[in-house]
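Contents: one structure, followed by commentary.
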Amino acid sequence: MRNLPVNLKRHLAALPAFVLLYSTGFAEPVAPELLDRLKSATETEAPRVAKEIELEWSKSGSAAMDLLLRRGREALSEGEYSLAIEHLTALTDHAPEFAEGFHARAEAYFRANLYGPALDDLETTLALNPVHYEAMFGLAVMLQEFGDLRKAAQLYRQVLAIYPSHKNSIEALSRLKRDGIGREL
């Protein structure tokens, strides 16, 4: 486990209540039919349906905000984490109800080893869009890294309830089960 530079106890202590409290929040406008299709999709068609959902999540309704998201993601892919954080902070400042802006910034913070802000942004993403399976997965990864394996396993299962063929969650949960964590009794 990496040595974490911030005190994350307040985030981790509040997390179970947060996930339960906000699991009934308001979601980004994704047609329920798409989520149903994702749930019942075969292993080969699920990634295509997931891509459709993620494309919908990436639409802010504003060309300027979409441009900030695109620039933030480009900077992130080029390893320019500070620049990505700048673009994505401008996005979240101007579009505070746009969950994908917070999700993208969480990834930038995580890659920049800024775990506290990454957790904050994942929490905000899930408050705005409680079915955001990639934010759930990111949160699970962080919890696993912090050593909270049971909560990580619970989140991986939540991802799989929405997206049953999410390969990374399947593999992560399998590794946890192999190590004796996350088994249902």
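The values are calculated or read from the model by the stated rules, or taken from the named source; none is laboratory data. Computed from a predicted model, the values in this text were never measured in an experiment. Every residue, glycine as well, gets a Cβ built from its backbone with ideal geometry; the counts of neighbours run over all protein chains shown. For accessibility, only protein heavy atoms count, side chains too; no ligands or nucleic acids. Shrake-Rupley method; radii C 1.70, N 1.55, O 1.52, S 1.80 Å.
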Hey, can you tell me all the residues within the stretch 140-165 that are open to solvent by less than 30 Å² (accessible area, probe 1.4 Å) and free of Cβ contacts under 8 Å to residues at least 40 places away in the same chain?
Ala140, Met142, Ala152, Ala153, Tyr156, Val159
Which numbered condition in (1) at pLDDT below 95; (2) open to solvent by less than 90 Å² (accessible area, probe 1.4 Å); (3) among the polar types (S, T, N, Q); (4) not in a helix (DSSP H, G or I) is the only one that Ser23 fails?
(4)
Among (1) touching an Asp or Glu at 6+ places or on another chain (Cβ under 9 Å); (2) surrounded by fewer than 16 Cβ atoms within 10 Å (Cβ to Cβ); (3) at pLDDT 95 or above, the one test that Ala14 misses
(3)
Residue under evaluation Ala64, criteria (1) open to solvent by less than 70 Å² (accessible area, probe 1.4 Å); (2) modelled with pLDDT under 95; (3) assigned to a helix (DSSP H, G or I); (4) more than 25 Å from Gln144 (Cβ to Cβ), criterion not met:
(2)
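Okay, residues lined up against (1) open to solvent by 30 Å² or more (accessible area, probe 1.4 Å); (2) under 16 Å from Phe98 (Cα atoms); (3) among the hydrophobic types (A, V, I, L, M, F, W, C); (4) assigned to a helix (DSSP H, G or I):
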| residue | (1), (2), (3), (4) |
| --- | --- |
| Lys51 | yes, no, no, yes |
| Glu54 | yes, yes, no, yes |
| Leu69 | no, yes, yes, yes |
| Arg73 | yes, yes, no, yes |
